[in-house]
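So the structure is just underneath, and the comments pick up after that.
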Amino acid sequence: MTAAEHRIDEHLVVRRDGAVVTVTVDREDALGALSRSMLEALDGYLPELAADDGVRAVVLTGTGRGFVAGADIGEYHGVDQRRFDDYQRLGRRVLDAVEALPQYTVAAVNGYALGGGFELALCCDAILATERARFGLPEVKLGLLPGGGGSQRLARALGVRFTLRLIATGAMVPAAELYRRGLLEEVYTDAAALRAGASELAGTVAAGAPLAVRAAKRLVREGPALPLPDALGFEQSVLSSLFATEDGREGVAAFVDKRDPVFRGR
Ligand code: COA
């Protein structure tokens, strides 16, 4: 397995292991808080990642006690309205771009996931966490509210009452509670186990038929917004188009021949 690592910002490390890319927020002293410079780097990098057909799964994670403890609050201080709104637009563009990635995405939440950190995790296809991870939308404590989709994506995922309680109280909830509510896929004892779990999940997805996995993501994410008969039609048309691909033929042929399939993403 080949691995290559580079920084797209002082605090953002991108590592590639075969078909899996891991983006690590490396800013332990600020618990992973997202500065404008980090958002700008992601804004530039995400379209490149989205266009890379060789990447089949993406892991987002942090270091130390923080996954991402939200926007860098220090950068809010003393700025005018125009600059604040500009920052929010940039943050939204980045989070929307994470959600729109065609690859399967895994948030490996190692510590605090607050504000934009929780919102970032909500844009991923799977959320895994350590026992000590804490999630919250605490902006009310600053006299503010979430601006990266927290009030809307969390309400859609876990309902309006839980979301409003979280926002109105600014409370932090442990990973175990969100696991119980069905938002998290798995909770691990420590960061090493989390890393191994995230890498196993991403690796398993990356080893699957790439066109089928990408189509599954579109289908499952976009289908629920449609009326059921339309969504069922969408499912059948996606399946039909996969049957016409080389990978679709190969998977069926390999099963009949009792051999492992070789998927080429065609
Ligand atoms: N922006 C900028 N710096 C942040 C930050 C943020 N969102 N969150 C934490 N930090 C910094 C702290 O200022 C501190 O820096 P310092 O050592 O230079 O003083 C460092 O990270 C460690 O945080 P600290 O508060 O000392 O740790 P703690 O364990 O006592 O508390 C938190 C942890 C997460 C509860 C607390 O840091 C916090 O409430 N952070 C803000 C979270 C937030 O409101 N996010 C939404 C932003 S819109």
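What follows is calculated from the coordinates using simple rules that are stated; it is not laboratory data. Because the structure is predicted, anything quoted here is derived from the model rather than measured. All Cβ positions, glycine included, derive from the backbone under ideal geometry; neighbour counts span all protein chains shown.
Assorted remarks:
- Here the relative contact order of the chain, from alpha carbon pairs under 8 Å that lie six or more residues apart, stands at 15 percent.
- Projected onto their three principal axes, the Cα atoms of region 26-183 cover extents of 43, 41, 30 Å, largest first.
- Separation of the M172 and E186 label points, Cα + 7 Å toward Cβ, nm: 2.5
- Of the peptides 84-90, 63-69, the ranking by mean beta-carbon count within 10 Å, highest at the top, reads 63-69, 84-90.
- Based on the convex hull around the alpha carbon atoms, region 119-173 presents an average projected area of 3.8 nm².
- Computed from the C-beta positions of A231 and A254 and an R0 of 25 Å, the FRET efficiency is 0.25 to the nearest 0.05.
- Computed over the chain with a Gaussian network model linking Cα atoms closer than 10 Å, the most mobile of L242, L184, L120 is L242.
- Residues L164 and E222, FRET efficiency given R0 of 22 Å [Cβ-Cβ distance, rounded to 0.05]: 0.25
- Less than 5 angstrom separates the built amide H of Y188 from those of A129, T130, E131, all sequence-distant by 5 or more or on a different chain.
- The chain: angle of helix 81-99 to the longest principal axis, Cα-based, in degrees nearest 10: 20
- Alpha-carbon Rg with Dmax, taken over the chain, Å: 19.3, 68
- Largest GNM mean-square fluctuation among A97, A192, A107, using the chain with Cα springs under 10 Å: A192.
- Here the Gaussian network model covers the chain, with springs between Cα atoms less than 10 Å apart; of G251, G116, G91, G251 fluctuates the most.
- Taking the C-alpha atoms only, the angle from helix 160-169 to the longest principal axis of the chain is near 30 degrees.
- Principal-axis tilt of helix 36-50 within the chain, Cα atoms, nearest 10 degrees: 10
- FRET efficiency estimate (nearest 0.05) - Cβ-Cβ, D96 to D29, R0 35 angstrom: 0.80
- Cα-based radius of gyration of region 1-111 once divided by 2.2 N^0.38 Å, which approximates compact folds: 1.08
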